[in-house]
1. Using 0.36 nm per residue of separation minus the Cα-Cα distance, give me the extension gain between E204 and E131 in nm, one decimal.
2. What do you get for the angle between helix 162-175 and the principal long axis of the chain? Use alpha-carbon atoms, 0 to 90 degrees, nearest ten.
3. Per DSSP helix of 4 or more residues, -39500 (n - 2.57); summed, then divided by the residues of the chain. What does that give at 222 nm, rounded to the nearest 500?
4. What nm distance separates the two modelled labels at E227 and E293, each placed 7 Å from Cα along Cα→Cβ?
5. Which value in nm describes the separation of the simple spin-label points at T276 and S55, placed 7 Å from the Cα toward the beta carbon?
6. Using the Cα centre of segment 198-305 as the reference point, and only Cβ charges (+1 on K/R, -1 on D/E), how large is the resulting charge dipole? Debye, rounded to the nearest 20.
7. Helix 203-220 versus the longest principal axis of the chain: what is the Cα-based angle in degrees, 0 to 90, to the nearest 10?
8. Looking at the chain, what % of the alpha carbon pairs are farther apart than 36 Å?
Amino acid sequence: MSTDRRGTLVVIVGPTGSGKTAVAVQLAQRLHAPILSTDSRQVFRGLAIGTAQPSAEELAAATHYFIADRDVSDDYNAGRFEVEALALLERLFADHDHVIAVGGSGLYVDALCNGFDPLPQADPALRQALEERLLREGLPALVEELKQLDPVYWAAVDRNNPARVLRALEVCRLTGQPYSAQRKGVQRERPFRIVKLGIDTPREELYDRINRRVDAMMQAGLLAEAERMFPLRHLNALRTVGYQELFAFLEGHGTLEEAVELIKRNSRRYAKRQLTWFRRDASIRWFGREEVEAMKIYCEKFAET
(Lines give C-alpha, C1' and ligand atoms only; values in the text may rest on other atoms or scores of the structure.)
Protein backbone atom coordinates (compact mmCIF):
# COMPACT_ATOMS: atom_id res chain seq x y z
CA MET A 1 0.00 0.00 0.00
CA SER A 2 1.30 3.44 -0.90
CA THR A 3 2.06 5.87 1.92
CA ASP A 4 1.27 8.79 -0.39
CA ARG A 5 -1.65 10.57 1.29
CA ARG A 6 -2.51 12.88 -1.58
CA GLY A 7 -6.05 12.69 -2.85
CA THR A 8 -6.94 11.39 -6.30
CA LEU A 9 -8.79 13.48 -8.87
CA VAL A 10 -10.82 11.15 -11.08
CA VAL A 11 -11.38 12.94 -14.40
CA ILE A 12 -14.26 11.58 -16.52
CA VAL A 13 -14.38 12.77 -20.12
CA GLY A 14 -16.21 11.91 -23.29
CA PRO A 15 -18.38 13.41 -26.01
CA THR A 16 -21.77 14.98 -25.48
CA GLY A 17 -24.48 12.35 -25.08
CA SER A 18 -22.14 9.59 -23.92
CA GLY A 19 -23.64 9.35 -20.43
CA LYS A 20 -20.84 11.01 -18.43
CA THR A 21 -23.15 12.55 -15.83
CA ALA A 22 -24.83 9.28 -14.88
CA VAL A 23 -21.48 7.49 -14.73
CA ALA A 24 -20.03 10.23 -12.51
CA VAL A 25 -22.90 9.94 -10.04
CA GLN A 26 -22.62 6.15 -9.84
CA LEU A 27 -18.85 6.30 -9.39
CA ALA A 28 -19.16 9.09 -6.82
CA GLN A 29 -21.44 6.89 -4.73
CA ARG A 30 -18.99 3.99 -4.89
CA LEU A 31 -15.97 6.17 -4.02
CA HIS A 32 -17.84 8.45 -1.57
CA ALA A 33 -16.66 11.41 -3.61
CA PRO A 34 -18.04 14.85 -4.49
CA ILE A 35 -18.35 15.89 -8.13
CA LEU A 36 -16.78 18.93 -9.76
CA SER A 37 -18.15 19.90 -13.19
CA THR A 38 -15.70 20.74 -15.97
CA ASP A 39 -18.45 21.84 -18.36
CA SER A 40 -18.09 25.42 -19.58
CA ARG A 41 -21.87 25.89 -19.94
CA GLN A 42 -23.38 23.92 -17.05
CA VAL A 43 -21.86 26.50 -14.72
CA PHE A 44 -24.54 29.04 -15.74
CA ARG A 45 -27.99 29.46 -14.22
CA GLY A 46 -31.08 29.24 -16.40
CA LEU A 47 -29.62 26.75 -18.89
CA ALA A 48 -30.61 23.50 -17.20
CA ILE A 49 -32.19 21.83 -20.24
CA GLY A 50 -29.95 23.02 -23.06
CA THR A 51 -26.71 22.23 -21.23
CA ALA A 52 -27.99 18.90 -19.85
CA GLN A 53 -27.28 19.85 -16.26
CA PRO A 54 -27.64 16.99 -13.75
CA SER A 55 -31.23 16.22 -12.80
CA ALA A 56 -32.63 16.91 -9.34
CA GLU A 57 -32.20 13.21 -8.53
CA GLU A 58 -28.57 13.23 -9.67
CA LEU A 59 -27.83 16.40 -7.70
CA ALA A 60 -29.33 14.77 -4.61
CA ALA A 61 -27.31 11.56 -5.13
CA ALA A 62 -23.91 13.29 -4.91
CA THR A 63 -22.56 16.71 -3.95
CA HIS A 64 -21.93 18.81 -7.08
CA TYR A 65 -19.87 21.96 -7.65
CA PHE A 66 -19.77 24.41 -10.58
CA ILE A 67 -23.36 23.66 -11.55
CA ALA A 68 -25.69 26.64 -12.13
CA ASP A 69 -23.73 28.93 -9.81
CA ARG A 70 -22.96 31.77 -12.26
CA ASP A 71 -25.18 34.25 -14.05
CA VAL A 72 -25.16 34.00 -17.86
CA SER A 73 -23.85 37.57 -17.99
CA ASP A 74 -20.69 36.51 -16.12
CA ASP A 75 -17.73 36.44 -18.49
CA TYR A 76 -16.50 33.15 -17.05
CA ASN A 77 -13.51 31.38 -18.62
CA ALA A 78 -11.11 28.47 -18.18
CA GLY A 79 -8.50 30.65 -16.44
CA ARG A 80 -10.91 31.63 -13.68
CA PHE A 81 -12.15 28.07 -13.46
CA GLU A 82 -8.60 26.77 -12.92
CA VAL A 83 -7.98 29.12 -10.00
CA GLU A 84 -11.34 28.47 -8.34
CA ALA A 85 -11.29 24.72 -8.89
CA LEU A 86 -7.79 24.31 -7.44
CA ALA A 87 -8.81 26.25 -4.34
CA LEU A 88 -11.92 24.08 -3.98
CA LEU A 89 -9.95 20.86 -4.38
CA GLU A 90 -7.59 21.89 -1.60
CA ARG A 91 -10.61 21.99 0.73
CA LEU A 92 -12.28 18.86 -0.61
CA PHE A 93 -9.19 16.67 -0.35
CA ALA A 94 -9.00 17.47 3.36
CA ASP A 95 -12.05 15.22 3.80
CA HIS A 96 -12.11 12.96 0.73
CA ASP A 97 -9.69 10.48 -0.81
CA HIS A 98 -11.30 10.97 -4.23
CA VAL A 99 -12.94 13.87 -6.06
CA ILE A 100 -14.59 13.36 -9.43
CA ALA A 101 -14.29 15.92 -12.23
CA VAL A 102 -16.67 15.37 -15.13
CA GLY A 103 -17.46 17.28 -18.31
CA GLY A 104 -16.89 17.56 -22.01
CA SER A 105 -15.10 20.92 -22.16
CA GLY A 106 -11.57 19.92 -23.10
CA LEU A 107 -10.14 23.36 -22.35
CA TYR A 108 -11.51 23.25 -18.79
CA VAL A 109 -10.14 19.75 -18.27
CA ASP A 110 -6.72 20.85 -19.54
CA ALA A 111 -6.78 23.94 -17.32
CA LEU A 112 -7.55 21.84 -14.25
CA CYS A 113 -5.06 19.06 -14.93
CA ASN A 114 -2.23 20.86 -16.73
CA GLY A 115 -2.60 24.60 -16.27
CA PHE A 116 -2.23 27.09 -19.08
CA ASP A 117 0.78 27.55 -21.30
CA PRO A 118 2.33 31.03 -21.23
CA LEU A 119 0.75 32.83 -24.19
CA PRO A 120 0.83 36.50 -25.18
CA GLN A 121 -1.55 38.84 -23.38
CA ALA A 122 -4.56 40.11 -25.29
CA ASP A 123 -3.83 43.08 -27.53
CA PRO A 124 -6.71 45.58 -27.07
CA ALA A 125 -6.51 47.00 -30.59
CA LEU A 126 -6.35 43.61 -32.27
CA ARG A 127 -9.12 42.22 -30.08
CA GLN A 128 -11.36 45.18 -30.93
CA ALA A 129 -10.68 44.70 -34.65
CA LEU A 130 -11.53 41.00 -34.43
CA GLU A 131 -14.71 41.67 -32.47
CA GLU A 132 -15.80 44.30 -35.00
CA ARG A 133 -15.15 41.84 -37.79
CA LEU A 134 -17.18 39.24 -35.91
CA LEU A 135 -20.15 41.61 -35.82
CA ARG A 136 -19.68 42.64 -39.44
CA GLU A 137 -18.94 39.31 -41.12
CA GLY A 138 -20.13 36.71 -38.64
CA LEU A 139 -18.32 33.85 -36.93
CA PRO A 140 -17.95 31.61 -40.04
CA ALA A 141 -15.55 34.12 -41.64
CA LEU A 142 -13.28 34.03 -38.58
CA VAL A 143 -13.49 30.25 -38.40
CA GLU A 144 -12.35 30.07 -42.04
CA GLU A 145 -9.35 32.28 -41.27
CA LEU A 146 -8.48 30.06 -38.31
CA LYS A 147 -8.62 27.04 -40.63
CA GLN A 148 -6.00 28.69 -42.84
CA LEU A 149 -3.73 29.80 -39.97
CA ASP A 150 -4.04 26.75 -37.72
CA PRO A 151 -5.79 23.71 -39.24
CA VAL A 152 -4.83 21.56 -36.23
CA TYR A 153 -6.66 23.72 -33.70
CA TRP A 154 -9.49 24.34 -36.18
CA ALA A 155 -10.15 20.59 -36.29
CA ALA A 156 -10.55 20.34 -32.50
CA VAL A 157 -12.01 23.67 -31.34
CA ASP A 158 -15.69 24.29 -30.71
CA ARG A 159 -16.33 26.32 -33.85
CA ASN A 160 -19.54 27.74 -32.35
CA ASN A 161 -17.59 29.37 -29.53
CA PRO A 162 -16.48 32.86 -30.63
CA ALA A 163 -14.32 33.44 -27.54
CA ARG A 164 -12.09 30.48 -28.36
CA VAL A 165 -11.95 31.26 -32.07
CA LEU A 166 -11.07 34.90 -31.39
CA ARG A 167 -8.37 34.00 -28.87
CA ALA A 168 -6.75 31.51 -31.23
CA LEU A 169 -6.74 34.03 -34.09
CA GLU A 170 -5.34 36.67 -31.76
CA VAL A 171 -2.41 34.44 -30.74
CA CYS A 172 -1.76 33.39 -34.35
CA ARG A 173 -1.58 37.00 -35.48
CA LEU A 174 0.47 38.24 -32.54
CA THR A 175 3.10 35.51 -32.78
CA GLY A 176 2.99 34.51 -36.44
CA GLN A 177 2.76 30.87 -35.32
CA PRO A 178 -0.16 28.42 -35.05
CA TYR A 179 -1.98 28.57 -31.73
CA SER A 180 -1.83 24.76 -31.45
CA ALA A 181 1.99 24.78 -31.71
CA GLN A 182 2.21 27.04 -28.67
CA ARG A 183 -0.12 25.00 -26.48
CA LYS A 184 2.56 22.59 -25.36
CA GLY A 185 0.44 20.94 -22.67
CA VAL A 186 3.32 20.62 -20.18
CA GLN A 187 1.63 19.50 -16.99
CA ARG A 188 2.05 21.76 -13.98
CA GLU A 189 2.74 20.08 -10.67
CA ARG A 190 -0.50 19.40 -8.81
CA PRO A 191 -0.76 18.44 -5.12
CA PHE A 192 -3.02 15.49 -6.00
CA ARG A 193 -2.94 12.43 -8.24
CA ILE A 194 -4.88 12.52 -11.53
CA VAL A 195 -6.48 9.51 -13.19
CA LYS A 196 -8.45 9.98 -16.40
CA LEU A 197 -11.38 7.86 -17.57
CA GLY A 198 -13.04 8.18 -20.96
CA ILE A 199 -16.59 7.04 -21.77
CA ASP A 200 -16.34 5.03 -24.98
CA THR A 201 -19.45 4.67 -27.14
CA PRO A 202 -19.67 3.22 -30.68
CA ARG A 203 -20.18 6.04 -33.16
CA GLU A 204 -23.63 4.99 -34.43
CA GLU A 205 -24.89 4.42 -30.90
CA LEU A 206 -23.54 7.79 -29.80
CA TYR A 207 -25.26 9.61 -32.66
CA ASP A 208 -28.52 7.84 -31.88
CA ARG A 209 -28.24 8.84 -28.22
CA ILE A 210 -27.59 12.45 -29.25
CA ASN A 211 -30.64 12.51 -31.54
CA ARG A 212 -32.89 11.03 -28.87
CA ARG A 213 -31.52 13.39 -26.23
CA VAL A 214 -32.33 16.42 -28.37
CA ASP A 215 -35.90 15.14 -28.76
CA ALA A 216 -36.10 14.68 -24.98
CA MET A 217 -34.79 18.22 -24.43
CA MET A 218 -37.47 19.63 -26.69
CA GLN A 219 -40.13 17.70 -24.82
CA ALA A 220 -38.71 18.98 -21.53
CA GLY A 221 -39.09 22.62 -22.61
CA LEU A 222 -35.90 23.65 -24.42
CA LEU A 223 -37.82 26.04 -26.67
CA ALA A 224 -39.31 27.85 -23.67
CA GLU A 225 -35.84 28.03 -22.10
CA ALA A 226 -34.48 29.56 -25.31
CA GLU A 227 -37.37 32.05 -25.42
CA ARG A 228 -36.51 33.21 -21.89
CA MET A 229 -32.87 33.67 -22.90
CA PHE A 230 -33.61 35.24 -26.29
CA PRO A 231 -33.09 38.87 -25.12
CA LEU A 232 -29.62 37.83 -23.88
CA ARG A 233 -28.63 35.92 -27.01
CA HIS A 234 -25.59 38.17 -27.58
CA LEU A 235 -23.88 36.82 -24.45
CA ASN A 236 -20.99 34.38 -24.88
CA ALA A 237 -22.64 31.85 -22.56
CA LEU A 238 -25.46 31.47 -25.07
CA ARG A 239 -23.33 31.09 -28.19
CA THR A 240 -23.62 27.34 -28.08
CA VAL A 241 -25.35 24.44 -29.79
CA GLY A 242 -29.01 24.19 -28.90
CA TYR A 243 -29.60 27.86 -28.25
CA GLN A 244 -28.15 29.36 -31.42
CA GLU A 245 -30.36 27.24 -33.66
CA LEU A 246 -33.49 28.08 -31.67
CA PHE A 247 -32.56 31.78 -31.55
CA ALA A 248 -32.38 31.72 -35.36
CA PHE A 249 -35.84 30.15 -35.48
CA LEU A 250 -37.19 32.79 -33.09
CA GLU A 251 -35.74 35.45 -35.40
CA GLY A 252 -37.80 34.00 -38.23
CA HIS A 253 -35.21 31.84 -39.96
CA GLY A 254 -36.63 28.44 -40.90
CA THR A 255 -39.11 26.18 -39.14
CA LEU A 256 -38.93 24.67 -35.68
CA GLU A 257 -38.46 21.22 -37.21
CA GLU A 258 -35.48 22.50 -39.19
CA ALA A 259 -33.99 24.06 -36.06
CA VAL A 260 -34.28 20.77 -34.18
CA GLU A 261 -32.56 18.89 -36.99
CA LEU A 262 -29.77 21.48 -36.97
CA ILE A 263 -29.32 21.00 -33.22
CA LYS A 264 -28.95 17.26 -33.78
CA ARG A 265 -26.51 17.73 -36.65
CA ASN A 266 -24.40 20.33 -34.84
CA SER A 267 -24.40 18.24 -31.64
CA ARG A 268 -23.08 15.24 -33.60
CA ARG A 269 -20.38 17.42 -35.14
CA TYR A 270 -19.47 18.80 -31.73
CA ALA A 271 -19.21 15.25 -30.34
CA LYS A 272 -16.81 14.36 -33.16
CA ARG A 273 -14.60 17.35 -32.31
CA GLN A 274 -14.67 16.41 -28.61
CA LEU A 275 -13.47 12.91 -29.47
CA THR A 276 -10.68 14.39 -31.58
CA TRP A 277 -9.61 16.50 -28.58
CA PHE A 278 -9.71 13.68 -26.01
CA ARG A 279 -8.21 10.95 -28.20
CA ARG A 280 -4.95 12.92 -28.31
CA ASP A 281 -4.48 12.26 -24.57
CA ALA A 282 -2.83 8.85 -24.21
CA SER A 283 -3.28 8.89 -20.43
CA ILE A 284 -7.06 8.43 -20.72
CA ARG A 285 -8.30 4.87 -20.02
CA TRP A 286 -11.51 4.19 -21.96
CA PHE A 287 -14.48 2.28 -20.56
CA GLY A 288 -18.04 1.55 -21.61
CA ARG A 289 -20.53 3.54 -19.55
CA GLU A 290 -21.85 0.33 -17.95
CA GLU A 291 -18.39 -0.57 -16.57
CA VAL A 292 -18.66 1.56 -13.43
CA GLU A 293 -17.41 -1.16 -11.09
CA ALA A 294 -14.37 -1.69 -13.31
CA MET A 295 -13.75 2.08 -13.19
CA LYS A 296 -13.89 2.00 -9.38
CA ILE A 297 -11.37 -0.83 -9.21
CA TYR A 298 -9.09 0.93 -11.69
CA CYS A 299 -9.18 4.17 -9.64
CA GLU A 300 -8.45 2.36 -6.40
CA LYS A 301 -5.51 0.45 -7.89
CA PHE A 302 -4.20 3.69 -9.40
CA ALA A 303 -4.23 5.33 -5.96
CA GLU A 304 -2.40 2.36 -4.42
CA THR A 305 0.41 2.48 -6.96
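The values are calculated or read from the model by the stated rules, or taken from the named source; none is laboratory data. Note that the structure is predicted; figures quoted are calculated from it, not measured. Positions of Cβ are generated from backbone atoms using ideal geometry, with glycine treated the same way; all protein chains shown enter the neighbour counts. Keep in mind that these areas ignore ligands, DNA and RNA; they rest on the heavy atoms of the full protein, side chains included. Shrake-Rupley method; radii C 1.70, N 1.55, O 1.52, S 1.80 Å.
1. On the way: separation 73, 0.36 × 73 = 26.28 nm, distance 3.78 nm.
So the extension gain works out to 22.5 nm.
2. 90
3. Details: 14 runs with 161 residues, N = 305.
Helix contribution divided over all residues of the chain: -16000 deg cm²/dmol.
4. 4.7
5. 3.3
6. Working: 19 positive and 18 negative charges, 90 e Å.
Around 440 debye, computed over segment 198-305.
7. The angle comes out near 70 degrees.
8. Details: 7697 of 46360 pairs.
Tail of the P(r) past 36 Å holds 17 percent of the pairs.
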